[in-house]
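Okay, so here's the structure we're looking at.
The values are calculated or read from the model by the stated rules, or taken from the named source; none is laboratory data. This is a predicted model, so every value here is computed, not measured. When we count neighbours, we look across all protein chains shown, and the Cβ atoms used for this are built from the backbone with ideal geometry, even at glycine. Side chains included, ligands, DNA and RNA excluded: accessible areas come from the protein's heavy atoms. Shrake-Rupley method; radii C 1.70, N 1.55, O 1.52, S 1.80 Å.
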Amino acid sequence: QVQLVESGGGLVQAGGSLRLSCVSSASIFSINAMAWYRQAPGKQRELVATIGSGYSTKYADSVEGRFTISRDNAKNTVYLQMYSLKPEDTAVYYCKSTSPSAYTYWGHGTQVTVSS
């Protein structure tokens, strides 16, 4: 069982920045693909960004150029740096871990609220 703990959410004005962190309890964190998802009220959970074990990254079109996903394998941590935040970025942000054998784990989420 892998536990994921997100932190760094909060209330920020439009145009501001936040950095989310997700710490994993995985014994071999480096082999797992990591991702950030978000879910706004009344909407389905959507993929925000992914980072593979080889550090390849992908982003949703809506955040491309504003958000950066990164990982620090020495700290078992994945980050989501968010710039130029918009009210439509308001959501609960979740961290997801996927092992090479396709086991997936989710964190409990951290709330991000962007005021206009």
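A few points about this structure:
- So residue 3, is it open to solvent by 60 Å² or more (accessible area, probe 1.4 Å), within 20 Å of residue 103 (Cα to Cα) and in contact (Cβ under 8 Å) with a residue 40 or more places away in the chain: yes
For (1) aromatic (Phe, Trp, Tyr); (2) touching a Lys or Arg at 6+ places or on another chain (Cβ under 7 Å); (3) modelled with pLDDT under 95; (4) closer than 16 Å to residue 106 by Cβ, each residue gets a yes or a no:
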{"site": "28", "(1), (2), (3), (4)": "no, no, yes, no"}
{"site": "31", "(1), (2), (3), (4)": "no, no, yes, no"}
{"site": "39", "(1), (2), (3), (4)": "no, yes, no, yes"}
{"site": "44", "(1), (2), (3), (4)": "no, no, no, yes"}
{"site": "48", "(1), (2), (3), (4)": "no, yes, no, yes"}
{"site": "58", "(1), (2), (3), (4)": "no, no, no, no"}
{"site": "61", "(1), (2), (3), (4)": "no, no, no, no"}
{"site": "73", "(1), (2), (3), (4)": "no, no, no, no"}
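- In region 25-116, counting only strands (runs of 3 or more DSSP E) that sit wholly within it, the ones holding 1 or more residues that are within 27 Å of residue 13 (Cβ to Cβ) and open to solvent by less than 40 Å² (accessible area, probe 1.4 Å) span 33-39, 46-51, 67-72, 77-82, 91-98, 110-115.
- Per-region count, region 10-24, residues under 22 Å from residue 87 (Cβ atoms) and crowded, with 17+ Cβ neighbours inside 10 Å: 3
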